[in-house]
Amino acid sequence: MDFNVLIQNVFNGLAVGGVYAIFALGYTLVFSILGIINFAHGAVFTLGAYFTYAFLGARFGFNGLLANQQLPFGVPFPLATLFGGLAAGVISVLIERVAFRPLRNRGADPLLTLVSSLGVAVAIVNVIQYLVGAEAYSYPSLTISLGIPPSVMLGGERPIVIRTVQIIIFSVSMVVLVLLTYFINYTKVGKALQAVAEDQITSRLLGINTDRLIVVTFFVSGFVGGIAGTLVGLSVSITGPYFGIAFGLKGLAVIVLGGLGSVPGAVLGGLVIGLGEALVPAQYVGYKDAIAFAVLFIVLLVRPRGILGRTLVQKV
Amino acid sequence: MNVLEINNLSVSYGAVQALIGVSLYVQRGEIVALIGANGAGKSTLLRTISRLIKPKSGEIRYMGEDVLAMRADTVVRKGVAHVPEGRRVLARLSVEDNLLLGAYTRSNRPKIRENLERQYRRFPRLRERRTQLAGTLSGGEQQMLAIARALMSEPQLLLLDEPSLGLAPIIVRDIFQIIRELNADGVTMLLVEQNAQLALQNAQRGYVLEAGSVILDGKGSDLVDDARVRKAYLG
């Protein structure tokens, strides 16, 4: 691999890794509060991408209930991304209401909640297919809509070519990461989230309304998941209703690799897997998923709690 | 005036009756001790007041208001703070974050700062260790942190669950010194203790709980001398 290609691949890896990181943080937030993997997170990711498509004012395809429909208005891409994320956050809150809270209130086994979240994921995928069909959707080109060049060249005679989309994806991921880190570590609600994650009983004794914080958690989780969906849709396309399922599995690999429930772990895990995949030589690119999971497998053999995970302490 | 009034309270865990028709009251400015053996239902009573446990029947009134109609966070907002058994500091957060979370229900920032300063004056060790993770504190320091954290909510009524548990005698003496000082400052307390002697010596009144029922109550000094209490709890 020559040097220029290497640099390009590293940058691709960082962009993809950044998206993995913010997506995986959605899992991490819910996991650290409830101790449950939210299997519907991948579906929320998918919905975020479709919502953004709708907010752009773009027309849906020829199949499904919404065939040939479009919103009567459209907003520029950055705003559409934001709205898409917010809408995904709202859906995530609804998922908490129907698939998590009823079981929690009855003191059900976390395994049951896991299954009900999986059920919601399947239902969402089917609803999407019913509404807009199974075809792939692409966002209108940013080159045209925002008037930006498709790629940037660095250097003189043999320039390094970087797709503008990768720069956008990387930058947005980093902004989301910084905001999220600030939210968790420096705001009152963020501290309360940490308290609930550590000890729900004590949190309630301190006057923290844990149910409300769980809603906040699901909203933030859905918001970052939806943004991640839009970013991946921008990079390739929305490949169909199953868009988020494979990505969801990758997200699980990311949080397990970084350490379950660890925020820095999710970021590091995302970047490691993103870079790992990007550095797979071109002739083996078909195997990059296998390589990502092989990395996970090897790390777990050496360090079962993940790179930055704490040893699991049995809670009383 | 009664800060807290409990009438005929019964709590059960499945088929097990944890509290059976308990009635008691706490007047403004008092320390009331609740003593009894392990499993007598003392912690259950405090947890029921804090709305962590739903009672089967009975009534709890705080400042005349129906506590059982409130959410757990409302109880704290109204002025009841609970120092739980085993301290339960948030080990992965700093000492100062623990204290600030104690003021979660309060929103007046200058007052919170002032209150924080007051706790640091009362517990200089906490000031020294304020950036340290709470999990790295010694048992006595954690107990001080748990008390200071509860005080950050500016409570009218403090529920103290086994503050002496697992601490060296010299630390226990410090903790009870602080409890007396707080009471002198006007904080009303319901104190749960297995160390009956210590609790009754420091309380104006006391209740003896056995197998979920109040079997005896009276002035602290009388209970210390009571033959039945001596035999059962003071050895």
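Only the coordinates and a few stated rules stand behind these numbers; no lab work does. Predicted model only: the values in this text are computed from it and were never measured. Positions of Cβ are backbone-derived with ideal geometry, glycine not excepted, and every protein chain shown enters the neighbour counts.
A few points about this structure:
- Segment A:1-45: number of residues that are touching a strand residue (DSSP E or B) at 6+ places or on another chain (Cβ under 9 Å), hydrophobic (A, V, I, L, M, F, W, C) and more than 12 Å from A:Ala278 (Cα to Cα): 1
- Selection status of B:Arg113, outside any helix (DSSP H, G or I) and without any contact (Cβ under 8 Å) to a residue 60 or more places away in the chain: no
- Residue identified as more than 13 Å from B:Leu151 (Cβ to Cβ), of a type outside the set (Gly, Ala, Ser), more than 9 Å from every other protein chain (Cβ to nearest Cβ) and touching a helix residue (DSSP H, G or I) at 6+ places or on another chain (Cβ under 6 Å) among B:Arg109, B:Arg113, B:Arg87, B:Arg92: B:Arg87
- Scan of segment A:55-97 for residues that are aromatic (Phe, Trp, Tyr), in contact with a helix residue (DSSP H, G or I) (Cβ under 6 Å, 6 or more places away or on another chain) and assigned to a loop (DSSP other than H, G, I, E, B), ordered by number: A:Phe60
- Counted residues, segment A:107-157 - those being of a type in the set (S, T, N, Q) and either part of a strand (DSSP E or B) or buried (at least 16 other Cβ atoms within 10 Å of the Cβ) (or both): 5
- Among the residues of segment B:130-142, those that are crowded, with 20+ Cβ neighbours inside 10 Å and either under 17 Å from B:Leu100 (Cβ atoms) or in contact with a Gly (Cβ under 9 Å, 6 or more places away or on another chain) (or both) comprise B:Ala134, B:Leu137, B:Gln142.
- The strands (runs of 3 or more DSSP E) found entirely in segment B:1-91 that carry 2 or more residues being among the hydroxyl-bearing types (Ser, Thr, Tyr) are B:2-13, B:16-27, B:57-62.
- Which listed residue is small (Gly, Ala, Ser), surrounded by 23 or more Cβ atoms within 10 Å (Cβ to Cβ) and more than 10 Å from chain A (Cβ to nearest Cβ), from B:Ala103, B:Ala148, B:Ala69, B:Ala81: B:Ala148
- Matching entry among A:Val263, A:Val232, A:Val256, A:Val295 (being surrounded by 15 or more Cβ atoms within 10 Å (Cβ to Cβ) and closer than 30 Å to B:Leu99 by Cα): A:Val263
- A:Val216 being in a helix (DSSP H, G or I) and either β-branched (Val, Ile, Thr) or within 14 Å of chain B (Cβ to nearest Cβ) (or both): yes
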